[in-house]
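For reference, the structure is listed below as structure tokens.
The values are calculated or read from the model by the stated rules, or taken from the named source; none is laboratory data. Small disclaimer: the values here were computed from a predicted structure and weren't measured. A quick note on method: Cβ atoms are made from the backbone with ideal geometry, for glycine too, and the neighbour counts reach across all protein chains shown. Areas reflect the complete protein model, heavy atoms only, side chains present, ligands, DNA and RNA absent. Shrake-Rupley method; radii C 1.70, N 1.55, O 1.52, S 1.80 Å.
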Amino acid sequence: MGGYRPGYEIAAERILEYIVREELRPGARLPTEKDLADAIQMSRTVVREAVKILSALKRLSVQKGRGIYVAEPEGALWRESFAQFLPADLGQVDQMFEFRRHVEAATSRLAAQRAVPAQVKALREAAQLSADAAARNDIEGFTQADELFHGQVGVAASNMFLSATVDSVQRLQRQVSVIGLAGVAGGSLVVAAEQHLAIAQAIASGDEEQAVAFMTEHIDMTMRQFQQEIRHRLFPSDDA
């Protein structure tokens, strides 16, 4: 069971690899569904589902009557990373988390310095939403609350560039979750939620060092869990 990967997940991964292999840039047109299915050696039905997912993740743009295109990233800064990112590639996932670790450590420090009462309230509420979802083992609810929480930390940092960067990295991680993990939780939701609450408390208290320490611990734990789950799904024969 641990080695099972849904067909649409494999197809989505292969389509992204096809885009990189063929050096298709944002705005480039992909083959028809039929030809794309032939190119990645999967059924047209599965490819259709994969295209829908990649379109929802803003990796592809499906234009009725015109075809399938590589989506244009939102902003020049992310053009290359979005176009080249492979969510099931462990090396690239490592790079994404390495970058996220530095960005969110800086963001949490600034949030501890600058957060105003309304921002602290929003941060605590988002952390509690993640705890409530974790208690229900609601993976989708937790994912939404997690993205909201980290977004609120970015808002509390009062730096539009850091906030936009956090949002962009969250979109990349969402791709890892959907394609690399097929929506399966990459570890304990309860522990992650407890870390959210601890980060929120440190920011509310204005404790920069604690906020950074808790955020770094949280990102590192998430990275290890994602790596372990992706490795388990891609290489089930390596499991003991």
- Note on the structure: Computed over the Cα atoms of segment 1-59, the Rg and Dmax in Å are 11.4, 38
- Taking Cα atoms, how many degrees apart are the long axis of helix 90-114 and the longest axis of the chain, rounded to 10 and kept between 0 and 90? 30 degrees
- Message: Counting heavy atoms of the protein chains only and a 1.4 Å probe, report the per residue accessible area for segment 1-72 as a whole number of Å².
- Response: 56 Å²
- Message: Less than 15 Å Cβ to Cβ from L129, Lys/Arg counted +1 and Asp/Glu -1: what total charge do the surrounding residues give?
- Response: -4
- Return an integer: the convex hull volume of the alpha-carbon atoms of segment 1-143, in Å³ per residue. 170 Å³
- Task: Enter the angle in degrees (range 0 to 90, nearest 10) between the Cα long axis of helix 44-56 and the first principal axis of the Cα atoms of the chain, meaning the one along which they spread out most.
- Result: 30 degrees
- Query: What list of ³J(HN,Hα) values in whole Hz, one per residue of segment 133-143 in order, does the Karplus curve 6.51 cos²θ - 1.76 cosθ + 1.60 (θ = phi - 60°) give from phi, with Gly and Pro shown as x?
  - Reply: 5, 4, 5, 8, 6, 8, 5, 5, x, 5, 4
- note: segment 109-192, Cα-Cα separations exceeding 21 Å make up a percent value of 32 percent
- Query: What are the principal axis extents of the Cα atoms in segment 97-240, in Å, biggest first?
  - Reply: 50, 30, 22
- 3J(HN,Hα) from dihedral phi, segment 144-151, Karplus parametrisation 6.51/-1.76/1.60, rounded to Hz, x for glycine, proline: 5, 5, 4, 5, 5, 4, 5, x
- Message: How tilted is helix 189-204 with respect to the longest principal axis of the chain? Cα atoms for both, answer in degrees (0 to 90, nearest 10).
- Response: 50 degrees
- Using Cα centres only, tell me the gap between segment 29-49 and segment 157-178 in whole Å. 30 Å
- Proximal aspartates and glutamates relative to K34, as straight alpha-carbon distance under 14 Å, when same-chain residues fewer than 8 apart are discounted: E49
- Highest first, please rank the peptides 147-153, 219-225, 25-31 by the mean number of other Cβ atoms sitting within 10 Å of their residues. 147-153, 219-225, 25-31
